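Visitor: One structure follows; several queries about it will come next.
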Amino acid sequence: MNRREFLATASGVAAAGFFPRVCRAHLGAHEGRFTTGGLTLISGYCAEGHHLVGQAVVELISQHVSTAKRSQLTVIANSADTLKFLRARHTDTPYGRFTVDLALVEGDEAYGALKGTGSRDAGGLGLLTLLPAQYLHIVTLGESPIRSVGELKGKTVSVGPARSRSEKLMFRLLEALDPSVGTSLQRAALGLSESMWALAEKKIDAFAWHGPVSPALFEHLAALLKIRLALLSYEEGVPKLREKYGTAYSPALIRQGAYAWLEKEVRVAGTQNLLISRLDLPDQTAYEIVKTLNSHRDAFTGGDRRLSDISAGPDTYMPFPVHPGALKFRNEMQA
């Protein structure tokens, strides 16, 4: 298989559902012309496809929430603006004004927008649910002698596409853990599929990717290339990352066997994936949204736990109070 065939196949794998499905609900980012009878979810764009989770969310809401049958996703360039637009209830574009009812935002973006202040400054916003968390994967070949982040010094590493979340978090980790490693790298700026190809060709020594645990995707691509992968653990770097850049980065565990080739657990940095609304969203609507997403968590890559479980751990960053409708569903699940 040549590079062109591999990249075409990799795109097909993603389209087949190893990333969240593209929704049939209206995707409104292109011109801001919106219909009534639904909710508008806003999400920032990123190269790793974080906004695609929003597509799965609005599809499920449109199908199963009685008061929101024509819900829509709007993708914006800057994730940091999502909470601002949600508070304002709308945003203005060259095509006109559109309403904003829900926001999908990762924990570190929320932390930056709130400047790390906490729930008392959440400004009338409430948490509906946590969607599957994202983890910084640092990937190398199973046969490689590299077994720690420090051993990347002087190596060729793909840190992810320019301005991607992979690049941002990888740079932050290296800056917090050992800046000399970051400055010594021979950097490449490749997406996931290109990184896998380059790793197989031994043109790079490792790559960074920020996303959910994605066995079907990683294992399929690795099988196409006939390579065995390994993940680097960097537990010692997470407290330093939190100290320097904030508590939105949590210590996380990728379990042994989460990937077929993962022979032991690895400890990494994770970010929460927050679905937010204003607290004035009707309680019944919030309840139905959370119930729907919890009932269809298999629609999300990495959705292997109850989405209503908002108590992910003592280090979980939770800057918003829980919406009363979401709290009602959670209490029912725990009864």
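The values are calculated or read from the model by the stated rules, or taken from the named source; none is laboratory data. All values reported here derive from a predicted model rather than from experimental measurement. Ideal geometry is used to build each Cβ from the backbone, glycine not excepted, and the neighbour counts take in all protein chains shown. Heads up: the accessible areas ignore ligands, DNA and RNA and are worked out on the full protein's heavy atoms, side chains in. Shrake-Rupley method; radii C 1.70, N 1.55, O 1.52, S 1.80 Å.
Visitor: With a 1.4 Å probe and every protein chain left in place, work out the accessible area per residue of segment 189-229 in Å², rounded to a whole number. Working shown, then result.
Guide: Values: 1540 Å² over 41 residues.
Computed with neighbouring chains in place, this is 38 Å² per residue.
Visitor: Based on the alpha-carbon gyration tensor of segment 137-211 and its eigenvalue square roots a ≥ b ≥ c, which shape applies: rounded if a/c is under 1.5, prolate if not and a/b is larger than b/c, or oblate?
Guide: Details: a/c = 1.68, a/b = 1.11, b/c = 1.51.
Cα axes put segment 137-211 in the oblate bin.
Visitor: Computing the accessible area with a 1.4 Å probe over protein heavy atoms, can you report the carbon and sulfur percentage for segment 173-293?
Guide: That share works out to 48 percent.
Visitor: Please list, in order, the residues from segment 224-242 whose amide nitrogen is less than 18 Å from a point placed 7 Å along the Cα→Cβ vector of Lys202.
Guide: From segment 224-242, the list is 225-230.
Visitor: Treat each spin label as a single point 7 Å out from the Cα along the C-beta direction, and report the Ala335 to Lys240 distance in nm.
Guide: So the label points at Ala335 and Lys240 sit 5.0 nm apart.
Visitor: Need one number: nm distance between label points at Trp261 and Arg89, each 7 Å from Cα along Cα→Cβ, rounded to one decimal.
Guide: Each label point lies 7 Å from its Cα, and together they span 5.2 nm.
Visitor: Right, something else. Just the number, please: carbon plus sulfur as a percent of the accessible area of segment 37-152, 1.4 Å probe, no ligands or DNA/RNA counted.
Guide: Numbers: 2110 of 4220 Å².
That share works out to 50 percent.
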